[in-house]
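Q: Structure provided below as structure tokens; questions to follow.
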Amino acid sequence: MAEDRKPARVVQTCAAHPSQWDAWTTDGQYLYLRYRHGQGCVEWHPGPGDDADTPESWDEGRSGLLTEWDDGTGGGVIGLEDFLVAAGLEPAPDASVSADGPVVNS
């Protein structure tokens, strides 16, 4: 996997239905990770927040879909390790992972 696509910082924003995380790659790219109804997706956006995922950001090429899949389970909860494997992502060796809370630059 390209080094610039490896999550270096991951913050779990929901541990229930759906499982979701905010992540930043080694080069600072923001990724939105979500798993709901057995479907996982990884999207890239300018950053987290309400204005990151707008039709304009997609139309202007500032947002996009990195990968998506359906595992056929209809599930809504998945652990980060299993999510990353299913998404084909490998975390950076020194990745920082935290649960719900403020995001602090490391």
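The values are calculated or read from the model by the stated rules, or taken from the named source; none is laboratory data. Being a predicted model, the structure only gives us computed values, none of them experimental. Cβ sites come from the backbone with ideal geometry, for glycine too, and all protein chains shown count toward neighbours.
Each row is one residue, and each column tells you yes or no for (1) more than 15 Å from the chain's Cα centre (by Cα); (2) part of a loop (DSSP other than H, G, I, E, B).
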residue: Gly28; (1), (2): no, yes
residue: Glu43; (1), (2): no, no
residue: Gly49; (1), (2): no, yes
residue: Ser57; (1), (2): yes, no
residue: Arg62; (1), (2): yes, yes
residue: Gly75; (1), (2): yes, yes
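Q: So, one more: Do any residues in segment 26-46 that are in contact (Cβ under 8 Å) with a residue 60 or more places away in the chain have Cβ atoms under 7 Å from those of residues that are among the small types (Gly, Ala, Ser) and part of a loop (DSSP other than H, G, I, E, B), where the two are at least six apart or on different chains, and which pairs are they?
A: Qualifying pairs under 7 Å: Thr26/Ala92.
Q: Residue by residue through segment 39-76, note down the ones that are among the polar types (S, T, N, Q) and in contact with a strand residue (DSSP E or B) (Cβ under 7 Å, 6 or more places away or on another chain).
A: Within segment 39-76, Gln39, Ser57, Ser63, Thr67 meet the criteria.
Q: Only one of Gly40, Gly28, Gly47, Gly101 is modelled with pLDDT of 95 or more and small (Gly, Ala, Ser). Can you tell me which?
A: Gly40
Q: When you look at Leu33, is it crowded, with 19+ Cβ neighbours inside 10 Å and either modelled with pLDDT under 85 or touching a Cys at 6+ places or on another chain (Cβ under 8 Å) (or both), yes or no?
A: The answer is yes for Leu33.
Q: Hey, another quick one. Restricting to segment 11-26, what's the tally of residues that are in a loop (DSSP other than H, G, I, E, B) and either out of contact with any strand residue (DSSP E or B) (no Cβ under 8 Å at 6 or more places or on another chain) or of a type in the set (Asp, Glu) (or both)?
A: Matching residues across segment 11-26 total 2.
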